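Take a look at the structure below.
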Amino acid sequence: MMHALNLKVSADYEAMSDAVAELVIKTIQESPEGLYCFAGGDTPVGTLRRLVSAHKAGEIDLQKAYFVELDEWVGLDGSDDGSCLNYLETELFGPAKIDRSHYHYFDAKSADLQAECDAADKFIEEHGGLELILLGVGVNGHLGFNEPGVSFENYAHVIDLDSTTQNVGQKYFTKEVDRTKGITLGVKHILNAKTAVLVANGEKKREAIAHLLEEKVTNEWPVTVLRNHTNANVFIDKEALI
């Protein structure tokens, strides 16, 4: 069933990040021990930095909350610059001094990646599901590493990464790394989260946002599945609008 999106268009990246952080802070205040999932990448970083500032100012206590990693490049871990875990530890877990027992991440170097998927699913289930998931969107419309053509029925899974994702992903690395596979929470996790938040800025995200606003849900543009979410909040800047 299709639902309305809560859409907010901001003048620029900073204003957009302010608006996203305001919603996330309010949610954490209401559910301080809830389970949260924050995407890595360039777009959410402004929001994460605002959350850390709010934590340090005593507005929220991030140390009470629980976190689960959205996705990871298969073959990388927190010791690798450019990995999703390294990003989260640098921007969130480290600065807010969040205890290791409060966040779950994929060991994407594991010989048993299915066990890693199962462990993530179990962690989410044990914590009563996701209170809020904060997502970026790929230029190809992916959410996490849920690439074009993905099943909307998946929970955590391993996936072959789209050539677009592999090419764009090189910006996170100073050296050449294998970017052919990812491990990610599934679309089912996104749809089951109490609140879904999408953040997108810049001209390069225009096509993905245009598909989302078209009101046609298709797995060729995974971002459009947010139309099926009961509480989807979309924050973009003016540049992301065609």
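Couple of notes before you dig in:
- Ellipticity estimate at 222 nm from DSSP helix runs (n ≥ 4, -39,500 (n - 2.57)) divided over the chain, nearest 500: -8500 deg cm²/dmol
- Label zone at N231, where the point sits 7 Å out along the Cα-to-Cβ direction: region 1-22 residues whose backbone N lies under 13 Å: 6
- Gained length - E203 relative to R49, 0.36 nm times residue gap less alpha-carbon distance: 53.1 nm
- With Cα atoms as the point set, the radius of gyration and Dmax of the chain evaluate to 16.4, 46 Å.
- Apportionment of accessible area to carbon and sulfur, the chain, percent (1.4 Å): 46
- Scanning residues 5 or more positions from Y103 or on other chains, those with amide H under 5 Å from its amide H are F67, with H placed 1.01 Å from N in the peptide plane.
- Across all Cα atoms of region 1-107, the radius of gyration (one decimal) and Dmax (whole number) stand at 14.4, 42 Å.
- Each residue was assigned an accessible area with a 1.4 Å probe, and for E125 the value is about 150 Å².
- Applying a threshold of 25 Å to the alpha-carbon distances of K181/K205; K26/K56; K8/K194; K194/K238; K56/K188; K8/K216 flags K194/K238; K56/K188 as lying beyond it.
- Per residue, the accessible area of region 71-146 comes to 39 Å², computed with a 1.4 Å probe over protein heavy atoms only.
The values are calculated or read from the model by the stated rules, or taken from the named source; none is laboratory data. Computed from a prediction, not measured in an experiment: that's the story for all the values here. Every residue, glycine as well, gets a Cβ built from its backbone with ideal geometry; the counts of neighbours run over all protein chains shown. In case anyone asks, the SASA skips ligands and DNA or RNA and just uses the protein heavy atoms, side chains included. Shrake-Rupley method; radii C 1.70, N 1.55, O 1.52, S 1.80 Å.
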